[in-house]
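The values are calculated or read from the model by the stated rules, or taken from the named source; none is laboratory data. Nothing here was measured: the structure is a model prediction, and the numbers come from that model. FYI the Cβ positions are ideal-geometry reconstructions off the backbone, even for glycines, and counts take in every protein chain you see. Side chains included, ligands, DNA and RNA excluded: accessible areas come from the protein's heavy atoms. Shrake-Rupley method; radii C 1.70, N 1.55, O 1.52, S 1.80 Å.
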Amino acid sequence: MTQKKTPIAILGSTGSIGVQALDLIAQLPDRFEVIALAAGSKVPLLIEQVRRFRPRFAAVAREEGFAELRRACEALGVESAGGGESLLRAASHPLAERVLCAIVGGAGLRPTLAAIQGGKVVALANKETLVMAGELMLAEAARSNALLLPVDSEHSALHQCLRGERREEVHRLILTASGGPFRLASREQMEAAGPEEALRHPTWEMGPKISIDSATLMNKGLEIIEAHWLFGIEAARIEVLLHPQSLVHSLVEMRDGSVICQMGTTDMRGPILYALTYPDRWSSPLPRLDLAAAPPLEFQRPDVQRFPCLALATAALRAGGTATVALNAANEVAVAAFLGGRVRFFDIPRTIEKVLEEHVPVPADALETILRADESSRRRAEQILSKGVAA
Ligand code: NAD
Ligand code: MG
C-alpha cells in the first residue's frame, strides 16, 4: 500500500527553522509534499527552494522581491504572489493540511491566525504570536478545529511528557534554558557586549532575533508565556532551570513528585519532525542521542539580577491582556536597535520595563485590539530608545 504524503505549507521557509524543516523534508521525500513556501525576503534562496521542492504556490512579503520571484516561478509553472496578503494565501492554501509557522516576530501573527482559521494542523515555531495573542489563537482553534503543535524544543518536550497525563495531576512545568552566551559573564561584560558577542550562542544555531533573546533570557520569558497558553498552566507553576548541555529539553513534575523529562540531541529538526508527524512517530533520518558519550548533565537556577527579562515576562503574564503584547513589541524594537548597534545590551530590559510600566492592559481577545497595542508599544519603545533609555 502506498502511503499518502503529508501536504505542507512552510511560512518563513528561508529562516533557520524553515531551512531545517526543508532539509528534513528532503530526507523524507515520499512522506511530505510541499504545497506552499513563503518568506519575508531572501528571494534568491526562496527561488532555489521553489526549484527544488516545486510547490504549488510561493509568496514573498516584501513587494520589491516579487518581480524576481514571479519570473522564476512562471518559468516553472508555479503560482506566486507578493506582499503581506500573499502570506495569508500560503497559510490557508486549500491543499495544505499542515502549516509550519516559522516567521519571526509579530509579523507572523496574521498568517498564523489564517492557518488556524483554516482549520490546519499548525506546527508553531513563531512563539511571539502566542505571546501576543494566545487567548485569541486558542479561541479560533477551538472554532475551526485547528490543532496547535509546538515546534519550540522545550514545548515539544512538554507536549511529549504530557501525552496521556491528566492536567490536574501536573504539579509544575520546568523549562530548561542553555543560559546563552552570557551564562557565566559578569554584569560589566554584559553591559559592554555588542551584537557579535551576544549572537555567539553556545549550543543552538538560530536566527538573529531569537539568538539575542537567548542572551537576555527573554527567550525563556517568552517561552513561559507560550507554555501557559499551550498547556493551560499559570505562571506560578512554570519554572526555569539552566541546563548548559541542552540535552534535557524540559520536564514535568507530577503531583506525586515524579519528574518526567524528554531528551534528545541539540537539533531543532527533532521537534520539527515531531510537530510534522504527530500523533505518529516516524523512523527518523537524524543522528541519535548517545547518552554514554554525552557530557555530565548540570542544572542551575538562573541569576535573576543579570537576566531581568525573565521577571519582566512573568510580570506581563500576570498582568494579563495586552501586557504581553507590549512586552513583545518593546522587546522586538529594542532587539532590532541592539542588533543595529544603536543601543547597549541592558537597554533592552530597560526599554521593556519602561514600556510595561506605562502600558494599561486591556483584554487581548480581538485582533484589532492586539494590533493597536502592538503598534503603540512599538512607537513608545522607539521614542524611549531614541531619547536614550536612561533619560
Ligand atoms: P530567522 O530570522 O532565521 O527566519 C525568519 C523567517 O521569517 C525568514 O524566512 C524571514 O524571511 C521571515 N520573515 C521575517 N520577517 C518577515 C515579515 N515581515 N514577513 C514575512 N516573513 C518574514 O528566524 P528563526 O530562527 O528561523 O526563527 C523563526 C521563529 O521560530 C521565531 O519565532 C523563533 O523564536 C522560533 N524558534 C526558532 C528556533 C531556532 O532554532 N531558530 C528555535 C525555537 C523557536
Ligand atoms: Mg526554545
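Worth pointing out:
- Segment 136-160, residues that are in contact with a Pro (Cβ under 8 Å, 6 or more places away or on another chain) and away from ligand 1 (no atom under 13 Å from the Cβ): 158, 159
- Any hit, segment 321-335, residues being out of contact with any Ser or Thr (no Cβ under 7 Å at 6 or more places or on another chain) and surrounded by fewer than 19 Cβ atoms within 10 Å (Cβ to Cβ): no
- Filtered residues of segment 133-181 (kept if part of a loop (DSSP other than H, G, I, E, B), of a type in the set (A, V, I, L, M, F, W, C) and within 16 Å of ligand 2 (Cβ to nearest atom)): 151
- Odd one out for residue 133, checked against (1) open to solvent by 20 Å² or more (accessible area, probe 1.4 Å); (2) over 27 Å from residue 24 (Cα atoms): (1)
- Subset tally (residues that are of a type in the set (A, V, I, L, M) and within 13 Å of ligand 2 (Cβ to nearest atom)) for segment 182-221: 4
- Residues located in segment 363-377, provided they are farther than 17 Å from residue 349 by Cβ, part of a helix (DSSP H, G or I) and not acidic (Asp, Glu): 367, 369, 370, 371, 372, 373, 376
- Of all residue pairs spaced 6 or more apart or on separate chains, those with beta-carbon atoms under 7 Å, a first member in segment 197-208 that is over 10 Å from residue 180 (Cβ atoms) and a second member that is small (Gly, Ala, Ser) and part of a loop (DSSP other than H, G, I, E, B) are 207/15.
- If the condition is being within 13 Å of ligand 1 (Cβ to nearest atom) and of a type in the set (Gly, Ala, Ser), then segment 198-226 contributes 207, 211, 214, 221.
Table: residues versus (1) within 16 Å of ligand 2 (Cβ to nearest atom); (2) surrounded by fewer than 19 Cβ atoms within 10 Å (Cβ to Cβ); (3) over 24 Å from residue 272 (Cα atoms).
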residue	(1), (2), (3)
16	yes, no, no
28	no, yes, no
33	no, no, no
87	no, no, no
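- The strands (runs of 3 or more DSSP E) located wholly in segment 222-296 that include 2 or more residues which are in contact with a strand residue (DSSP E or B) (Cβ under 7 Å, 6 or more places away or on another chain) and crowded, with 21+ Cβ neighbours inside 10 Å occupy 238-242, 248-254.
- Residues located in segment 115-130, provided they are assigned to a strand (DSSP E or B) and either in contact with a helix residue (DSSP H, G or I) (Cβ under 8 Å, 6 or more places away or on another chain) or open to solvent by less than 10 Å² (accessible area, probe 1.4 Å) (or both): 122, 123, 124
- Remark: residue 372 falls outside the filter, which requires a residue to be open to solvent by 30 Å² or more (accessible area, probe 1.4 Å) and within 17 Å of residue 212 (Cα to Cα).
- One residue stands out among those in segment 104-114 that are part of a helix (DSSP H, G or I) and aliphatic (A, V, I, L, M): the one that is nearest to residue 60 (Cα to Cα), which is 107.
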